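Trainee: One structure, as structure tokens, below. Some questions next.
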DNA sequence: CAGCCTAGAGTTTTT
DNA sequence: CTCTAGGCTG
């Protein structure tokens, strides 16, 4: 290994380090509370910092790094500091730089598990049978490859889809299992026992392609360390201190990775919060954090419990909720902040009204001049976003959606990348296959198949095969010409790669390949945006010294540029909100089945419920000053209106700290009050009627789809915006209280018209509920306010 | 080979 | 309901 830092002596007296150490209580330590300070100053040996939400976790981490550097314990290049996301890594780098100055620039080992692993692997690729210019596949490439492998085995790809295999393989990799390590019982679950075999075949394919997937980055590192102890020892020497952020999110592979590296000096500090572990479904093992003291005997455990973020009521609410979980290390958050406003809970008739209530609140805040960037709407599932967006567009409140497809996952970026990959490494078959017929060149399945056959027979890459095949008569003239042109173009581009600025080269490639033109001709709504993204890609290219380093950056680091500093409300999933905070937080959709998610309950029972509860806890603790929860009695799921009960989590909140703001609607109130009754105490829903199914049954009582669909347009106008700024629920309550509303204005036999179902005749009347035989839609039960007299 | 149409599915997401 | 992937037809 050539890295000079390995053999560099420790700072000597008189160096920068000792000067800093000589100063009493260094400036960076000031303002830390005693626990934080302990977490910073316990430099040697294993340390576990249990940092509750808003307790200054990042501050501890960055100050600790500053402390290690300033006291001369380590050079920046001797500190291994791992995060999960690039965002976290970036933030940490910035904050360390603020503390210690430009020395922090030299922190080559501050990064994500994956980027650090990639770096290690590029150095030692040959030891795990790779070339150092290996490509990193994304999920899409991965699945395409799986499909090929599955088909090659002669398995029906429909019954055993590639993405399913990808899921299995991913979870094996998460657990650090190579093909040979997969328990036979598990490898059997896919394709009648072929799972393990397919995994092995897939790994073989990757090796031939000189490619790795995300999981391999970790896995190959494990192999590297295990099979080359001298190399590992070398890194033990180098990494004097190891820091880990969000430790509760580590999976088994990451845990093993850390354990191997920490073995040497045992100077490992993990910071995390078991109450914020929300990624169990993708392999995170809360156990890693629960087991820390056992794995690292003699560990110093520090609890950070003083919260600097939220007001009293909010914190008390969150604390009470999370206290219901059993599998936790136990922390009690406290604040010295004022009690503030109570947390509110509002019931709405349906999800549209819920959106309306939230937008009303936001508009009110906006008119008071509050900063919309301090407002967030956090949802359980992305499907909830659309309705919120529609509503905000309707009232003209600016918003931004956080999350969604990442920059490099967009088709146009991946296509452009594939072109560049082919230019840089003509043997990249996956990239070649991706763009061979994009834009359309008349090179379809038949041509690809031929190339594949040729490649398999000769051991050539697809590009080489193409070059050979165009010299033969095997292809029809049309296809042959097209393919020849493509192959020649790539030769030309590759030839220029040396001499040209990569940004220019990319532009040239995209232009000459006809790719840009393809989108220019496209008239779909998002074509302009895609061209814009391509421009962005070209622009960012020039920030890199060369194409390969750019490609690495894009596959591992690049994320969507959510720039744009305008004041906007943020909409995102609860998962995406972890680590963020806002003055005001809206939490819609607290309903059984949605949150906690029925699926989490069905698939993981109590563990699933507890993870959902932690997710709720994450949501609650995002708020600094104002926290507003909502539930709707009716929600459209997969296009069907379903009625739902308020979430059990609502029942679990402390009455002293929450306020049920609006008397919920008549129905809503029934639901809220009755929910304690109706729900069973246990969570195992297997023997319990699922919420949504019960909702189906209830539906009859309140009219099937009819009433609610009418809500969409006529309904909204009818009560919502029309009747003088009134709160929706009040009006709806009137509509629903059949008994007190008196009789309907309709008589049996009357002809009526319904916005959704069209014309029909009234069959019977029950209060304000009508049974109508619609001419087209058949017999439906609807509320009279949704129909008009006709003919 | 390309465009249209139909059938099926449909949490949470980073790297 | 809405999207996507794959199948079928021109």
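The values are calculated or read from the model by the stated rules, or taken from the named source; none is laboratory data. On a predicted model such as this, the values are computed, not experimentally measured, just so you know. Quick reminder, even Gly has a Cβ in these numbers, built from the backbone with ideal geometry, and neighbours come from all protein chains shown.
Trainee: Among (1) at pLDDT below 95; (2) in the same structural domain as residue A:228 (by the TED database), which single condition is residue A:11 missing?
Mentor: For residue A:11, the failing item is (2).
Trainee: Residues in region A:585-615 that are away from DNA strand B (no atom under 11 Å from the Cβ), in contact with a strand residue (DSSP E or B) (Cβ under 8 Å, 6 or more places away or on another chain) and either on the phi < 0 side of the Ramachandran plot or without any contact (Cβ under 8 Å) to a residue 24 or more places away in the chain (or both): how many?
Mentor: Looking only at that region, the number is 7.
Trainee: So which residues in region A:157-183 are within 20 Å of residue A:250 (Cβ to Cβ) and within 13 Å of DNA strand B (Cβ to nearest atom)?
Mentor: Of all residues in region A:157-183, those within 20 Å of residue A:250 (Cβ to Cβ) come to A:167, A:169-178, A:181.
Those that are within 20 Å of residue A:250 (Cβ to Cβ) and within 13 Å of DNA strand B (Cβ to nearest atom): A:167, A:169, A:170, A:171, A:173, A:174.
Trainee: Which one of these does residue A:224 not meet: (1) assigned to a helix (DSSP H, G or I); (2) surrounded by 15 or more Cβ atoms within 10 Å (Cβ to Cβ); (3) at pLDDT below 85?
Mentor: Here residue A:224 clears every test but (3).
Trainee: Okay, moving on. Does residue A:596 qualify as being buried (at least 21 other Cβ atoms within 10 Å of the Cβ) and closer than 16 Å to residue A:280 by Cα? Walk me through it before giving the result.
Mentor: Numbers: buried (at least 21 other Cβ atoms within 10 Å of the Cβ): yes; closer than 16 Å to residue A:280 by Cα: yes.
In short, yes.
Trainee: Would you say residue A:570 is farther than 29 Å from residue A:58 by Cβ and at pLDDT 90 or above? Working first, answer last.
Mentor: Values: farther than 29 Å from residue A:58 by Cβ: no; at pLDDT 90 or above: yes.
Considered against the rule, which asks whether it is farther than 29 Å from residue A:58 by Cβ and at pLDDT 90 or above, residue A:570 comes out as no.
Trainee: Report whether or not residue A:369 is on the phi > 0 side of the Ramachandran plot and in contact with a strand residue (DSSP E or B) (Cβ under 6 Å, 6 or more places away or on another chain). Quick ask: steps written out before the conclusion?
Mentor: Values: on the phi > 0 side of the Ramachandran plot: yes; in contact with a strand residue (DSSP E or B) (Cβ under 6 Å, 6 or more places away or on another chain): no.
When the stated conditions are applied, residue A:369 does not pass them.
Trainee: Next question. I'd like to know if region A:370-380 contains one or more residues that are free of Cβ contacts under 8 Å to residues at least 40 places away in the same chain, assigned by the TED database to the domain that holds residue A:594 and surrounded by fewer than 19 Cβ atoms within 10 Å (Cβ to Cβ).
Mentor: First, the residues of region A:370-380 that are free of Cβ contacts under 8 Å to residues at least 40 places away in the same chain: none.
No, region A:370-380 has no match at all.
Trainee: Is it the case that region A:402-416 has a residue that's touching a residue at least 12 places away in the same chain (Cβ under 8 Å), surrounded by fewer than 23 Cβ atoms within 10 Å (Cβ to Cβ), more than 25 Å from the chain's Cα centre (by Cα) and assigned to a helix (DSSP H, G or I)?
Mentor: No, that holds for no residue.
Trainee: Within region A:626-651, take every residue that is outside any strand (DSSP E or B) and away from DNA strand B (no atom under 16 Å from the Cβ) and give me the one that is farthest from residue A:320 (Cα to Cα).
Mentor: At the first step, the residues of region A:626-651 found to be outside any strand (DSSP E or B) are A:638-639, A:644-645, A:647-651.
Subsequent filtering for residues that are away from DNA strand B (no atom under 16 Å from the Cβ) retains A:645, A:650-651.
Numbers: A:645: 21, A:650: 11, A:651: 11 Å.
For region A:626-651, the residue satisfying everything is A:645.
Trainee: Could you check, for region A:411-427, whether at least one of its residues is in contact with a strand residue (DSSP E or B) (Cβ under 9 Å, 6 or more places away or on another chain), away from DNA strand C (no atom under 15 Å from the Cβ), at positive phi and not assigned by the TED database to the domain that holds residue A:576? Let's see the steps before the verdict.
Mentor: Narrowing region A:411-427 to residues in contact with a strand residue (DSSP E or B) (Cβ under 9 Å, 6 or more places away or on another chain): A:421, A:425.
Imposing the further condition that a residue be away from DNA strand C (no atom under 15 Å from the Cβ) reduces the set to A:421, A:425.
Filter again for at positive phi, leaving none.
Within region A:411-427, none of the residues are in contact with a strand residue (DSSP E or B) (Cβ under 9 Å, 6 or more places away or on another chain), away from DNA strand C (no atom under 15 Å from the Cβ), at positive phi and not assigned by the TED database to the domain that holds residue A:576.
Trainee: What number of residues in region A:620-635 are under 19 Å from residue A:385 (Cα atoms) and surrounded by fewer than 24 Cβ atoms within 10 Å (Cβ to Cβ)?
Mentor: Qualifying residue count, region A:620-635: 1.
Trainee: Every residue in region A:158-173 that is more than 15 Å from DNA strand C (Cβ to nearest atom) and either touching a helix residue (DSSP H, G or I) at 6+ places or on another chain (Cβ under 7 Å) or closer than 15 Å to residue A:201 by Cα (or both), please.
Mentor: A:168, A:169, A:170, A:172, A:173
Trainee: Turning to a different aspect of this structure: So residue A:155 fits all but one of (1) within 16 Å of DNA strand C (Cβ to nearest atom); (2) assigned to a helix (DSSP H, G or I); what number is the exception?
Mentor: In the conditions (1) within 16 Å of DNA strand C (Cβ to nearest atom); (2) assigned to a helix (DSSP H, G or I), residue A:155 misses (2) alone.
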